Amino acid sequence: MIAGSKLERVLNSGHFAVTGELGPPKGADLEQLKHHAYAMRNHVEAYNITDNQTAIVRTSSIACGAVLVQMGLEPTIQIVVRDRNRIAIQSDVLGAVALGIKNILCLSGDHQKFGNEPQCKGVYDIDSMQLIKMLKDLRDEGVFCGGEKLEGEVKYYLGAVENPFADPFEYRVDRLEKKINAGASFIQTQCIFDIERFKKWMELVRERGLHKKVKIMGGVTPIKSLGAAKYMKNCVSGITIPDELIDRLQGAANKKEEGLKIAIETIQQLKEIEGVAGVHIMAIAWEEVVPEIVERAGLYPRPQV
């Protein structure tokens, strides 16, 4: 029998799960990634390994995930449909499982025009909903997308992402429900700064009983500076940052400390929302603060399951 993932066990046991995020480098030297992973090892259940995030060429998420497996840690590799057709996706997933990777997160991927190869062709052979369904069938039914039987079995914990802050707001829960029906067992959300809007989204989630069908992990990003907050507010699609938060950072003597306090307060509020099963901390280019955030948010020590 193939062993299941630690993240799955923690979420299914009812504990409030914590995951972190690691961005592969624009080169083949993985020492810094390994350093950050090791520093977080006692504070997170798993580590998201991004898949050429923002459409910038980086080391393969699967390769980085395999390195973490060798370190005795648990990666969650991201798979995007931007760069691969269904043949390559299924092949890569089988390879990832063979290397000991147990968690897979399905995404569309940032459009290639935003990255460092804007002239390249996006693949988009299938969309993110079809990706989830294809990987569910590969695991549960033992069949490839074209109908041929898989040799042996594969096992992985299958997740997807959702953005409660994108418009039109009233359709966001519809998209979540479609991803659950396609086969997603856990959901990681876009980073949460507008906690009131997130609470309204969770109300709609609970009205449909979706919080009982999937494990929802709220995304949290500590803000390092006022400039970073303004950039995300004005230039990053799908992120909502209230003016009060900008004013709070502007008035703070120590912007980094205030950014940490905001992240910690957000986590503490998420813990109190019915249907939120954990938190995904995306400390972009600030990975070293994750252990401090986890401890100050009252989420340390982590449960042993």
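The values are calculated or read from the model by the stated rules, or taken from the named source; none is laboratory data. Given the structure is predicted, the values throughout are model-derived calculations rather than measurements. FYI the Cβ positions are ideal-geometry reconstructions off the backbone, even for glycines, and counts take in every protein chain you see.
One table, with the values for the structure above:
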{"read-out": "Residue list for region 249-272, filter: basic (Lys, Arg) and free of Cβ contacts under 8 Å to residues at least 60 places away in the same chain", "value": "LYS255, LYS256, LYS261"}
{"read-out": "Scan of region 116-145 for residues that are assigned to a loop (DSSP other than H, G, I, E, B), free of Cβ contacts under 8 Å to residues at least 24 places away in the same chain and either in contact with a strand residue (DSSP E or B) (Cβ under 7 Å, 6 or more places away or on another chain) or farther than 26 Å from LYS26 by Cβ (or both), ordered by number", "value": "GLU141, GLY142"}
{"read-out": "Residue count for region 166-177, restricted to those that are at pLDDT 95 or above and within 19 Å of the chain's Cα centre (by Cα)", "value": "5"}
{"read-out": "The listed residue being closer than 20 Å to SER5 by Cα and of a type outside the set (Ser, Thr, Tyr), out of LEU138, LEU150", "value": "LEU138"}
{"read-out": "The listed residue being part of a loop (DSSP other than H, G, I, E, B), more than 20 Å from GLY159 (Cβ to Cβ) and charged (D, E, K, R), out of ASP83, ASP51, ASP29", "value": "ASP29"}
{"read-out": "Test: ALA55 is hydrophobic (A, V, I, L, M, F, W, C) and either at pLDDT below 95 or buried (at least 16 other Cβ atoms within 10 Å of the Cβ) (or both)", "value": "yes"}
{"read-out": "Test for ILE246: is it without any contact (Cβ under 8 Å) to a residue 40 or more places away in the chain and of a type in the set (A, V, I, L, M, F, W, C)", "value": "yes"}
{"read-out": "Residue satisfying all of: in region 291-305; part of a helix (DSSP H, G or I) and not charged (D, E, K, R); nearest to PHE186 (Cα to Cα) among these", "value": "VAL294"}
{"read-out": "Test result for ALA63, of a type in the set (Gly, Ala, Ser) and either more than 17 Å from the chain's Cα centre (by Cα) or surrounded by fewer than 20 Cβ atoms within 10 Å (Cβ to Cβ) (or both)", "value": "yes"}
{"read-out": "Some residue of region 270-290 being touching a Pro at 6+ places or on another chain (Cβ under 8 Å) and assigned to a loop (DSSP other than H, G, I, E, B)", "value": "yes"}
{"read-out": "Extreme residue, surrounded by the fewest Cβ atoms within 10 Å (Cβ to Cβ), among residues of region 67-115 that are more than 18 Å from the chain's Cα centre (by Cα) and small (Gly, Ala, Ser)", "value": "GLY72"}
{"read-out": "Cβ pairs under 6 Å, 6+ apart, first in region 186-204 and under 18 Å from GLY159 (Cβ atoms), second of a type in the set (Ser, Thr, Tyr) and not in a helix (DSSP H, G or I)", "value": "CYS191/THR221"}
